[in-house]
1. Enter the Cα centre distance for the pair region 84-133 and region 33-47, rounded to the nearest angstrom.
2. Cα-based Rg (one decimal) and Dmax (whole number) for region 1-138, in Å?
3. With r defined as the distance between the Cβ atoms of residue 114 and residue 151 and R0 fixed at 35 Å, what FRET efficiency is calculated, to the nearest 0.05?
4. Grab the DSSP H runs of the chain that are 4 residues or longer, score each as -39,500 (n - 2.57), total them, divide by all residues and round the 222 nm result to the nearest 500 deg cm²/dmol.
5. Report the full-extension gain for the segment residue 98 to residue 122: residue separation times 0.36 nm, less the Cα-Cα distance, to one decimal in nm.
6. Take peptides 93-100, 7-14, 75-82 and line them up by average Cβ neighbours within 10 Å, highest first, as a rough protection proxy.
7. Taking 0.36 nm per residue of sequence separation and subtracting the Cα-Cα distance, how much length would be gained by fully extending the chain between residue 44 and residue 166, in nm to one decimal?
Amino acid sequence: MHIALLGPCGAGKGSHAAKLATRFEMLHVVSGELFRANLEKRTAVGLLARSYMDRGELVPDDLTEAMVEERLARPDTQAGFVLDGFPRTLAQAEALSDILAQQHRQLTSVLYISVVDQEIVTRLAGRRICRNCQAPYHLTFKPPAQAGICDVCGGALEQRADDNPATIRARLKTFHAQTAPLIQYYKAAGLLLEIDGQGEVAVVKERTAAAARRLLYP
Ligand code: AMP
């Protein structure tokens, strides 16, 4: 299966994509992570992407598409993948279908996780991530057993630089202006499955898994 997850920042794409990938033995490819890893290593891509990420804007399409194309060309994607955070513009959606066509593959489905803006702001402002293993926490909804320490690996928890209120608002604006048109685009292509992303994480996780099962065993 070749699945892409669509939804605003903070919709839970990352957590649900990771669970789907584990459960159905697919690779989880996260465009934001690819950028953050590039930034950490101070590569040319990372340094170019940084100013856009800090402003909550999208990194230019050509840079993003080249990075994702290189990642999808690696052999570990052969078992299938869950794309998380890409595509985010119509141009990226078209580039993705070209990239996959060249590899004799195509998208199986696009899962759109919908969540209203006010809920996003609450979720992201309290989000904390393990610096070491990237496990996600929330100060109110999913606090770690010991404040500031990851339950999984003992790493330090930190707030992402772009999880501050001003950048969260900018990221939401970017989503509505540039990414939301993809909902209609994939609906018209007959690929869209909408999942209600509001409510308990376990419930949304089950909705997402049920959607994936329907794809696997139609
Ligand atoms: P995320 O972790 O998905 O919220 O991504 C963090 C930041 O990385 C975004 O705010 C963008 O600046 C950049 N980014 C991630 N994915 C993309 C993409 N598909 N297109 C352009 N920029 C992206």
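Each value in this text was obtained by applying a stated rule to the coordinates, not by laboratory testing. In this text the structure is predicted, and so the values were computed from the model without any measurement. Neighbour counts run over all protein chains shown; Cβ positions are idealised from the backbone, glycine included.
1. Centre-to-centre distance over Cα atoms comes out at 18 Å.
2. Rg and Dmax of region 1-138, Cα atoms, are 14.8, 42 Å.
3. Step by step, r from the Cβ atoms, then E = 0.75.
4. Theoretical 222 nm ellipticity from helices: -14000 deg cm²/dmol.
5. Computed gain between residue 98 and residue 122 is 4.9 nm.
6. The peptides rank, most packed first, as 7-14, 93-100, 75-82.
7. Gain in length upon complete extension: 41.3 nm.
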